[in-house]
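Take a look at the structure set out below.
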Amino acid sequence: MIITVTLNPAMDKTMVIDGIEIGEVNRADSIRNDIGGKGINVSKVLKSFGTDTLATGFLGGMIEEPFRKELNRMGIKDQFISIQGNTRTNIKLVDRKNETNTDINEPGPLISGGEIEKFIGFYKETVKKGDIVVLAGGLPPNISQDLYGRLTRMAKDKGALVVIDAEGEPLKHALVELPDMIKPNEKELASYLGKAVLTEEEIVQAARSLVEKGIQKVLVSRGEKGSIFATERSVFMGIGLEVEVKSTVGAGDSMVAALVFAEKEKLSDSETLALAQATGAAAVATEGTEACTREDVERYLADAREKIKEVR
Ligand SMILES: Nc1ncnc2c1ncn2[C@@H]1O[C@H](COP(=O)(O)OP(=O)(O)OP(=O)(O)O)[C@@H](O)[C@H]1O
Ligand SMILES: O=P(O)(O)OC[C@@]1(O)O[C@H](CO)[C@@H](O)[C@@H]1O
């Protein structure tokens, strides 16, 4: 079973505006609402690849019911713990004129001690040997920063594979427990290493050194520049594909879904990267946080394969 964990999910409200003016009344040309949060986005893309997942985390408040309905409609197994607090709404501003994507993410609800214990109990009971567990996104404000570290250890002890897509302290704690796969973007990797930016060479070195420490697969996404993928066998570089950008939200999550799918299908390293790049490109060419389809991905795959080279 593939289990995605989204402890701080969100209703993503995407507004398309033709030239935002700060301090003025702006009128949106179009809006859309998508259930989101990194783990949920991974589940959505895996579903479009024909792969079932179980999604868990916390859901509560006025949007809990429509959120669950949407999970159900999408065929994602809903095992979210119901909470007293309100699940957040995150604003995604797409400015067509200035060609910018701006996110305004709420902090999310407080989680009570009882709610967290309920989640941990469920997690311990559910995760089994051979499962792939995806721990993705930020944590609600009052949750201990070492939670991803603890959840990584628990899943590894059971013989499950763990994939982390996080940043800051939660990422640091998780890395101590050596998850099997990680997908930082270059900014998150730089921050983990205490640097403002990283050169291409520094990214390759950092990815290699994380693999040497025991993380089997390190995929570093680099926005329009593409990505770098390191494993025990090789390091591959994928040059960014040229696509018409509709929304960059969830591009990284789509890559995580590709990484998980490739693991399940036992794809080679270069094929894994090609699929991840094609899925990332398909995601940015899709509106809002809507999942790209398998057909969208197929369209970019040949180009993605051509744009991969091995780093010696
Ligand atoms: N402007 C772009 N043009 C082409 N491809 C892109 C663009 N932005 C992202 N991608 C593709 O999507 C992948 C993931 O993007 P990015 O590095 O921005 O992820 P991220 O920061 O984790 O995103 P998020 O947190 O919103 O999911 C990139 O490696 C690339 O393959
Ligand atoms: O606040 P976090 O958990 O870091 O990120 C949340 C979020 O921005 O991530 C997804 C895109 O990757 C969106 O669906 C969601 O709104």
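Each value in this text was obtained by applying a stated rule to the coordinates, not by laboratory testing. Because the structure is predicted, anything quoted here is derived from the model rather than measured. Note that we place each Cβ from the backbone using ideal geometry, even for glycine, and neighbour counts take in every protein chain shown.
Listed values for segment 16-32 are Karplus-derived 3J(HN,Hα) couplings in whole Hz (6.51 cos²θ - 1.76 cosθ + 1.60, θ = phi - 60°), namely 9, 10, 9, x, 6, 10, 5, x, 10, 7, 9, 10, 7, 6, 7, 9, 8, and x replaces Gly and Pro. Placing a label point 7 Å from the Cα of Asp103 along the Cα-to-Cβ direction, the residues of segment 31-65 whose backbone N falls under 13 Å from that point are 36-42.
Let me know the shape class of segment 1-129, please: from the alpha-carbon gyration tensor, a ≥ b ≥ c as square roots of the eigenvalues, rounded when a/c is under 1.5, otherwise prolate if a/b is greater than b/c, or oblate. Because a/c hits 1.5 or more and a/b exceeds b/c, segment 1-129 counts as prolate.
Taking the Cα atoms of the chain, the ratio Rg/Rh between the radius of gyration and the Kirkwood radius comes to 0.95.
Each Lys and Arg adds +1 at its Cβ and each Asp and Glu adds -1 at its Cβ; summed about the Cα centre, the chain shows a dipole of about 800 debye.
Around the amide H of Asn185, modelled in the peptide plane, lie the amide H atoms of Ser221, all under 5 Å away and 5 or more residues distant in sequence or on another chain. Taking every C-alpha pair closer than 8 Å and separated by at least 6 residues, the mean separation divided by the residue count of segment 184-311 gives a relative contact order of 23 percent. Under a 5 Å amide H cut-off, with hydrogens placed 1.01 Å from N, Arg88 pairs with Met11 among residues at least 5 apart or on other chains. Around Pro66, under 12 Å between beta carbons, what's the net of Lys plus Arg minus Asp minus Glu among the other residues? Combined, the nearby Lys, Arg, Asp and Glu give -1. For the chain, the share of DSSP beta bridges that are antiparallel, to the nearest 5, is 45%. In this rough spin-label picture, where each label sits 7 Å from Cα along the Cβ direction, the Lys129-Glu287 distance is 4.8 nm. Computed extension length for Asp95-Ser270: 59.5 nm, one decimal, from 0.36 nm per residue of separation with the Cα-Cα distance subtracted.
The value of relative contact order for segment 190-232, using C-alpha pairs under 8 Å at least six residues apart, is 32 percent.
Pairs of lysines in segment 2-98 whose Cα atoms sit within less than 18 Å of one another amount to 12, provided the residues are eight or more positions apart or on different chains.
The relative contact order of the chain, computed from alpha carbon pairs under 8 Å that lie at least 6 residues apart in sequence, is 16 percent. Label sites at Glu232 and Gln84, each approximated as a point 7 angstrom past Cα along Cα to Cβ, lie 4.8 nm apart. The aspartates and glutamates whose alpha-carbon is closer than 18 Å to the alpha-carbon of Lys309, local same-chain residues fewer than 8 away aside, are Glu200, Glu201, Glu202, Glu224, Glu232, Glu242, Asp269, Glu271. Rg then Dmax, both in Å and based on the Cα atoms of segment 118-183: 11.0, 31.
In this rough spin-label picture, where each label sits 7 Å from Cα along the Cβ direction, the Val176-Arg32 distance is 4.1 nm.
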